[in-house]
Amino acid sequence: MIARFLFPLFFLLTYINFSYAQILQSGRYEIVQSWSQEKNFNRTYWVKVPPTAKGKALPLFIFLHGNGGNAEKAQGIARRYRKISDEYIMVFAQGYKKSWNIVSERSKAPDREFIEAIVTDLISYSNVRASGVTLMGSSNGAAMVNQIAIETRLDCFTHYITLVSQLNNWQHDGAAFKAKGDQNNYTKTVLPLKGKFLMNVSGEDDKLVPYVGGPSTGIRAKEGKLHFVNAERSTFLWAKHYGFTGDQLEQPTEESNTYDIYSYMDGVVVHYKMNKRAHNAGGALTEAMLEDFLSQK
């Protein structure tokens, strides 16, 4: 008699568990962290689940604001990229002291762990896809995207997008990628996960994050100003890491009046040089460009 009831009981329990599976809703969420500046600090992020989801499991698209930015206001990009915001669950994380912990910023927070905790938490929801996570940042937020791409062991990240911040000389010393370390000394060589896609957008006339590399006019480092890798060189270093075996491109693969494209491995790694643009070059990234990159699988 017992055996006769095991089969239906199994399906009853399965139905109950499925019925009570958590569904992610739009709203404000928190992750609690402690570090040298804070103890049990509530770190905030906002989630926008598209009304078009209707029970489907959608991938995450996480955006990191620039220095002095605000995650709540950054949600405006969802209005700019309307189609993408209908196809992804948009996430906007707030940096501590409005910054992300790169080299000598105001924040000393464990930001990689913060973003990883957000992802780990959100993919536990039934309407969130556990793979195909896109991470996009602007300026200081883009520097954080680079650092996460360098250090993370979470394989669910697939697409990285850096707006107006290529690699700096602490993150890549010319020979290898570097982990930040607890004291931001960037001494440990690391091998980033492979099999990813990366897009960089930089402004030809950017002086804050100089396109040609060298010291910033305003971003400080531990000694003097923060130095950057040449934007085209930075793109090549990522392409080489992801499997490109040729030489660095000396000429763009596509040109127009407003931008030049340097594309490696059919768009696995792609760089947009926004002509006559400065630190506002991220504003020239259209939804069509973004969709084309995200279509890379």
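The values are calculated or read from the model by the stated rules, or taken from the named source; none is laboratory data. All of these numbers come straight from a predicted model, not from anything done at the bench. Cβ atoms come from the backbone with ideal geometry, glycine included; neighbour counts cover every protein chain shown.
Restricting attention to segment 50-74, the residues being farther than 17 Å from His159 by Cβ, crowded, with 19+ Cβ neighbours inside 10 Å and touching a residue at least 24 places away in the same chain (Cβ under 8 Å) number 5.
Does Lys196 satisfy the criteria of being touching a Lys or Arg at 6+ places or on another chain (Cβ under 8 Å), modelled with pLDDT of 95 or more and of a type in the set (Lys, Arg)?
Numbers: touching a Lys or Arg at 6+ places or on another chain (Cβ under 8 Å): no; modelled with pLDDT of 95 or more: yes; of a type in the set (Lys, Arg): yes.
Taking the combined requirement at face value, the residue does not satisfy it.
So if I check each of Arg106, Arg80, which one is more than 16 Å from the chain's Cα centre (by Cα), basic (Lys, Arg) and under 18 Å from Thr162 (Cα atoms)?
Being more than 16 Å from the chain's Cα centre (by Cα), basic (Lys, Arg) and under 18 Å from Thr162 (Cα atoms) holds for just one of Arg106, Arg80, which is Arg80.
Those residues that are within 19 Å of Ile150 (Cβ to Cβ), assigned to a loop (DSSP other than H, G, I, E, B) and not basic (Lys, Arg), I need them from segment 220-249; list them, please. Those that are within 19 Å of Ile150 (Cβ to Cβ), assigned to a loop (DSSP other than H, G, I, E, B) and not basic (Lys, Arg): Ala221, Val229, Asn230, Tyr242, Gly243, Phe244.
When the residues of segment 260-290 are filtered to those that are surrounded by 21 or more Cβ atoms within 10 Å (Cβ to Cβ) and hydroxyl-bearing (Ser, Thr, Tyr), which remaining residue is farthest from Asp205 (Cα to Cα)? Taking the candidates together, the pick is Tyr264. All of Thr235, Thr217, Thr253, Thr258 fail the test of being under 20 Å from the mean Cα position of the chain (by Cα) and either hydroxyl-bearing (Ser, Thr, Tyr) or farther than 23 Å from Ile102 by Cα (or both), apart from Thr235. Filtering segment 231-243 for residues that are touching a residue at least 40 places away in the same chain (Cβ under 8 Å), among the acidic types (Asp, Glu) and either closer than 19 Å to Ser138 by Cβ or surrounded by fewer than 16 Cβ atoms within 10 Å (Cβ to Cβ) (or both) leaves an empty set. For segment 172-195, a residue qualifies if it is within 27 Å of Ile261 (Cβ to Cβ) and in contact (Cβ under 8 Å) with a residue 60 or more places away in the chain, and the qualifying residues are His172, Phe177.
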